1. First select every other residue whose beta carbon is under 13 angstrom from the beta carbon of ILE65; then total the charges, Lys and Arg +1, Asp and Glu -1.
2. Run down the lysines and flag those whose C-alpha is under 17 Å from the C-alpha of LYS126, throwing out any fewer than 8 positions away in its chain.
3. What is the local net charge at THR164, summed over the other residues whose Cβ is closer than 12 Å to its Cβ (Lys, Arg +1; Asp, Glu -1)?
4. Hey, fewest Cβ within 10 Å first, where do THR153, THR200 land in order?
5. For segment 6-57, with the dipole built from +1 on Lys and Arg beta-carbon atoms and -1 on Asp and Glu ones, taken about the Cα centre, which of THR51, ALA36, SER20 lies farthest toward the positive end?
6. Under a point spin-label approximation (7 Å from Cα along Cα-to-Cβ), what is the HIS109-LYS42 distance to one decimal in nm?
7. Among THR13, THR164, which comes first, second and so on when ranked by fewest other beta-carbon atoms within 10 Å?
8. Out of all DSSP beta bridges in the chain, what portion is antiparallel? Express it as a percent rounded to 5.
Amino acid sequence: MAIGLRERVATPTLEKVIFSILDGSFCQDYINELIALETSGKSRADNLNRTIRRMTINNKLLDVIKEHEEEFKAYSKTGANRCIIYVALFCCSYELFYDLISLLGKYFHVQEEISTELVKSKLCQKYGNGENVSRGICCALGMLVDAGLITRTQVGVYQANKQTNISDFARWMYKKAFLLNNPNYTEVDDVESNSFFEFTE
C-alpha cells in the first residue's frame, strides 16, 4: 500500500499556504517561493510541492476551514488548539497520519515512551517494508514533533504531549478528521474512547 508522503513539511509553511488560500492570494508561485527557502534540489522540491498541495488546497478539511474561517484563524495560532487543528489536517491528507496517531495513542495509553522501531514494525504490517514506507513514517513522526503532539526524548524515542485546554472548535476539527477516516461513524457517535483521542483531554 502506497504511503505517498516523501517529504516533511513544517507547520508554519502549511499555515502560510492555508492563510493565502483564505485571503485569496494563493498561487503556485507562492508555494515555489516557500519551497525555495527549504531546498534547492529539484526532486525534493517536487515532493515538497506535492505534499504541500495535498495538505492544503486538496485537503479534505479545506471546505470546513473555509466555512468556519474566523474560528480557524482565531484558534489555529497558538498552543494546544494549533497542534490539534494541524494534526487534524495531517490526518485528512494522508491515511498514514491517522494510522500513526491511532497506533501511538494505543501504546501511550499503557507506556510512557515509544520507539521508532516499534512504530515501523506495526505500520509496515499494513504498508509494507519498502524504503519509501520507512521514509514516510520518519517524515510523519517529524511533523508530529514539529506540531507539538509528541516529543523526541532521544534519537528514535518519543513521548506523548497531552493537549489540554482545547477549544470546542479544535476538538470538533479533530473529531472531523476521525470521522473522515472512519465513515461508518457519525457526529452523534461517542468515539472518544478510541486510541486516536489519547492525546486530547
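1. Numbers: positive: LYS60, LYS66, LYS73, LYS176; negative: GLU15, ASP23, ASP63, GLU67, GLU69, GLU70, GLU71.
With Lys, Arg at +1 and Asp, Glu at -1, the neighbours total -3.
2. LYS126 reaches LYS106.
3. Details: positive: LYS162, ARG171; negative: GLU201.
In short, +1.
4. Neighbour counts put them in this order, fewest first: THR153, THR200.
5. Working it through, the farthest residue towards the positive pole turns out to be THR51.
6. About 4.9 nm separates the two model spin labels.
7. On the way: THR13 20, THR164 9.
Fewest to most other Cβ atoms nearby, the residues stand as THR164, THR13.
8. Values: 7 of 8 bridges.
That works out to approximately 90 percent antiparallel.
Here, each number is a calculation from the coordinates, and none is a lab measurement. None of these values were measured; they are calculated from a predicted model. FYI the Cβ positions are ideal-geometry reconstructions off the backbone, even for glycines, and counts take in every protein chain you see.
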